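Note sheet for the following structure.
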Amino acid sequence: MFDKERFSVKFLSLVLSGLLFLTLQTGCENNPDDDLGPIVDVEINFKAQFDDELLLMRKNYQLDDSTEIRFTRVSFYVSDVVLLKNINGEEEETDVFDLQLVDFTDFTEVNPGNVADGISFVGTNVPVDRYDGIKMGLGVPADLNRTSPAKYDSGHPLASSLHYWQGWQSYMFAMIEGAIDFNGDGNFDSDENFLYHLGSDDAYESTFIYDTLTLEEGKNPTFEVKVDLRRLFRKTDGTPVFDASDKKTTHNPDDFAFISQLMLYFSQVFSL
């Protein structure tokens, strides 16, 4: 026998459940940033230096009392750039941007352009907070490193065939080229050139730059990251980081021990 009252109760219950489900779904889909609070855009500005001077290609710099150095190419990938916050001894990461190619090669002594402005990338929707530093990957993460430039449209950081080794099936994480006047005669001879092309999955490094970074509501901050290439060759006390006269070139995946070592040294050239 049909029970009209019982049917009405069940029908009403189903309707209310459906409305609750739709409300929850709509809230999740339409308000993804409800829990973020105030957000701002964060600009990370990379500025190349040699000690306290702005770095220009083909300009001579004093490496030590008797030795000059010049650069002809400096470019590298940065990836998985995040702001760090220490919470009860654990580092919490907040994304800024995923991957970019930093290339200072066009800034030359003859045509310095806007070298003083550096090279900037902007991360959007970063929660306002007090952070304890920046973490950056140096190189291309393994999943992206398995791709090739042909996959990407022009203008994408990974569309650069110059920064890709077909034979390696890997991007070049960093390209650092130039010359050192090892004999101190004032000339840069061809046998004094250096060429460091660094890549392959296991060469990927991270650099940590600790400093207090405060984001305020309504203000889009710029954080300047100094890239001091002198630190790649000389420690703070002036002693060599490695013997560049003995190792002037690497462009071979079989030279992985040195590539890995130099990527580690390279991770130490960054500061705020």
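Coordinate-derived values only; no laboratory data. Remember, predicted model here, so these are calculated numbers, not experimental data. Here the Cβ positions follow ideal geometry from the backbone for every residue, glycine too, while neighbour counts run over all protein chains shown.
Figures for the structure shown
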item: Segment Thr124-Ala257, length gained on full extension (0.36 nm per residue, minus Cα span); result: 44.1 nm
item: Structure-derived P(r) over Cα pairs in 10 Å bins from 0, in percent: which label, when the choices are (i) 7, 29, 32, 23, 9, 1, 0; (ii) 8, 34, 40, 17, 1, 0; (iii) 6, 24, 28, 19, 9, 5, 4, 3, 2, 1, 0; result: (iii)
item: 222 nm mean residue ellipticity, helices alone, for the chain (DSSP H n ≥ 4; -39,500 (n - 2.57); rounded to 500); result: -5000 deg cm²/dmol
item: For segment 115-272: rounded, prolate or oblate by the Cα gyration tensor [a/c cutoff 1.5]; result: oblate
item: Rel. contact order, % - alpha carbon contacts under 8 angstrom, at least six apart, the chain; result: 23
item: Burial ranking of peptide ranges 225-231, 213-219 (average Cβ count within 10 Å, highest at the top); result: 225-231, 213-219
item: J(HN,Hα) series, segment 209-215, from Karplus relation 6.51 cos²θ - 1.76 cosθ + 1.60, nearest Hz, glycine and proline x; result: 10, 9, 5, 6, 10, 10, 9
item: Within-13-Å neighbourhood charge of Asn193 [Cβ basis; K, R +1; D, E -1]; result: 0
item: Backbone HN-Hα couplings from phi across segment 38-49 [Karplus 6.51/-1.76/1.60, Hz, Gly and Pro as x]; result: x, 10, 9, 9, 10, 9, 9, 10, 9, 10, 7, 9
item: Protection proxy ranking, peptides 248-261, 164-177, average beta carbon neighbours within 10 Å, highest first; result: 164-177, 248-261
item: Net charge contributed by nearby residues that have their C-beta within less than 14 Å of Asn114 (K/R +1, D/E -1); result: -2
item: Segment Asp65-Asp98, length gained on full extension (0.36 nm per residue, minus Cα span); result: 7.8 nm
item: Lysine pair number, Cα distance threshold 17 Å (strictly under), the chain, separation 8 or more or different chains; result: 6
item: ³J(HN,Hα) computed for each position of segment 121-136 - Karplus, 6.51 cos²θ - 1.76 cosθ + 1.60, integer Hz, glycine/proline x; result: 9, 10, x, 9, 6, 8, x, 5, 5, 9, 10, 10, x, 10, 10, 10
item: Calculated FRET value between Ile39 and Asp189, using beta carbons and R₀ = 41 Å, to 0.05; result: 0.15
